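Here, each number is a calculation from the coordinates, and none is a lab measurement. Nothing here was measured: the structure is a model prediction, and the numbers come from that model. We place every Cβ from the backbone using ideal geometry, glycine too, and count neighbours over all the protein chains shown.
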Amino acid sequence: MNKGMLMDFKSAAEALGGKLLSGMADGGFMSVAVDSRKVTGGALFVALRGLSSDGHRYLDRAFEAGAAAAMVSSRGMEEAGFDPASAAEKGRILLVVEDTLKGLQNLAAAYLDRFPRLLRVGITGSSGKTTTKEIAAAVIGREKNVVMNPGNLNSETGLPLAAFGVRKEHEVGIFEAGMNRKGEIAELAAVLKPHIALITNIGPAHIGILGSMDAIASEKKAFFSRFTGGETALIPDEDPFRDYLARDIKGKTVFYGQEKLEAAGKLTAIHSRGLEGADIVWEGIPAAFGLPGRHNVKNALAAVSLAEEAGIGDAAIREGLASVRGLFGRGEVLRGRTTVIRDCYNANPDSTAEALAFCDSLDWPGRRVYVIGSMLELGEHEEEAHRRLGDLLLRSRADLIFLYGRETMPAVSVLKGQERIPWFYAESMEELAALVPERIREGDLVLLKGSRGCALEDLTSSVLIKGEADVF
């Protein structure tokens, strides 16, 4: 195989049970792309069929950008008006499968199977996946060569694409798995086939998709569905679904959490340092962990539990924890003339409650300003969840509240009946951007919390009042 080649076309076709259309199919591909705009020379372009677009319509563009081959379906080519005979005459290689999404996933699984010595670590859960993955990589990476999903590339297409980042020098692969529909976690488990799989928690994120907490727990438990007996499941000890998640697993079950680590004599103490994070005392020696909030300490303990299962030493665990820095939109602390907690990459009822509780707990000399955007993807639970949000805000230590987005109207109705906390509502970002900066003062603590679709990070510069921001 040529240097830099991930897989040759014939092996790919055999792995997928697909058909190669070309007279010259002796080469292979060096990367994989599902967006024709991201195709580079030697790439395999996978033509995915979505609700609003079809990659088969961009096959010519992909080949013009340097694609070495394209994975296609006969139906997709027909509906897009793409002529495979003409493509073959031009020397363009087509790998024809029945379903290109399934083809991408199966190809990623076949690719990972080429690395039998790679320890495959998987992380899923309702919240905290990305942060836990980043902490785990920082800790395990002290002793092992680690590869992981870039960012939160954790979807039905994201995880398979991330799998192609594995190389022979990697010893541990750490991959997070997210979901946007029923059955997705089982599909990703079939791609990764994790040796160690961790669930961070079972919460109401995506309850609008699955309908109930029981259904969410069932979906997440599917991450263990590819266990054959020698694998390890890490389950949060304090989660209400703990026993259900552990039932009938083909492999070892490990319950993790603060009490478990303390009982094992590993975790000596945890000392909060407020916005600067916490000192996590491991084997009697403190590690200065830089992410603020109790929820991030839980993520750290999950990552440490993974590291222990991977055989990482105590010194490396402490060093890894101390090396962790904030991730965009996940509890970042930015300091200017105000202090901003930018926690707006995503939001659900549990994570929003945690963010409010953390801000309330701080010994803060100035005002607390809470800018709260809609919590999305809650389905029929949307109204009740936002009404409870209003109750939380009413009981909070906020000095000023901004609510943003139509979905927050039930919270607005709760705040309307009181005069203790001044509050404002905005339905558009333009309204919010006009309301907030005028009412922020130097020395304020400003929380930005909302779902990704709210894009509350757009307010960052204005709520810092044009101060130079340091990120902690």
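Brief remarks follow.
- The calculated Kirkwood hydrodynamic radius for the stretch 254-326 is 12.0 Å, given to one decimal from all distinct C-alpha pairs.
- Extension gain for Arg37-Ser323 works out to 99.5 nm (0.36 nm per residue, less the C-alpha to C-alpha distance).
- Low-density loop positions, chymotrypsin sites (Phe, Trp or Tyr not before Pro), the stretch 330-390 - DSSP coil, at most 10 other Cβ in 10 Å: none
- With each label modelled as a point 7 angstrom along the Cα→C-beta vector, the Glu380-Ala434 pair spans 3.9 nm.
- A straight Cα-to-Cα reach below 19 Å connects Lys266 with the lysines Lys298, residues fewer than 8 places away in its own chain not being considered.
- A simple packing score, the average count of other Cβ atoms within 10 Å per residue, orders the peptides 42-54, 65-77 as 65-77, 42-54, with the highest score first.
- MRE, 222 nm, helices only [DSSP H, n ≥ 4, -39500 (n - 2.57), over the chain, to nearest 500]: -10000 deg cm²/dmol
- Measuring max minus min along each principal axis, the C-alpha atoms of the stretch 332-471 give extents of 42, 29, 25 Å (largest first).
- Filtered chymotrypsin sites (Phe, Trp or Tyr not before Pro), the stretch 256-328: DSSP coil and at most 13 other beta carbons within 10 Å: Phe328
- Antiparallel DSSP beta bridges within the stretch 115-323, as percent of all bridges there, nearest 5: 30 percent
- Convex hull projection area averaged over all views, the chain, Cα basis, nm²: 23.8 nm²
- As a ratio to 2.2 N^0.38 Å, the alpha-carbon radius of gyration for the stretch 7-100 is 0.95.
- Semi-axis lengths, Å, the stretch 38-157, gyration tensor of Cα atoms, sqrt of 5 times eigenvalues: 34, 16, 13
- Partner aspartates and glutamates whose Cα lies under 19 Å from the Cα of Lys38, excluding those fewer than 8 positions away in the same chain, are identified as Asp54, Asp60, Glu64, Glu156.
- Between amide H atoms placed 1.01 Å from N, distances below 5 Å from Ile93 occur with Ala70, all of them 5 or more places distant or on a separate chain.
- For the stretch 115-323, the spread of Cα positions along the three principal axes, ordered from largest to smallest, is 43, 40, 31 Å.
- Antiparallel bridge percentage (DSSP; both residues within the stretch 332-471; nearest 5): 25 percent
- Based on Cα contacts under 8 Å between residues 6+ apart, the chain shows a relative contact order of 11 percent.
- Vicinal HN-Hα couplings computed from phi for the stretch 262-275 (Karplus, 6.51 cos²θ - 1.76 cosθ + 1.60; Hz; Gly/Pro x): 5, 5, 6, x, 7, 8, 8, 6, 10, 10, 5, 10, x, 5
- Candidate aspartates and glutamates - alpha carbon under 17 Å from Lys19, same-chain residues fewer than 8 apart omitted: Asp8, Glu78, Asp83, Glu89, Glu98, Asp99
- For the chain, share of DSSP beta bridges that run antiparallel, in % to the nearest 5: 30 percent
- Pairs beyond 22 Å (Cα-Cα), from Lys10/Lys182; Lys133/Lys260; Lys144/Lys221; Lys193/Lys250; Lys129/Lys449: Lys10/Lys182; Lys144/Lys221
- Per-peptide packing, taken as the mean over residues of other Cβ atoms within 10 Å, places 216-226, 408-418 in the sequence 216-226, 408-418 from highest down.
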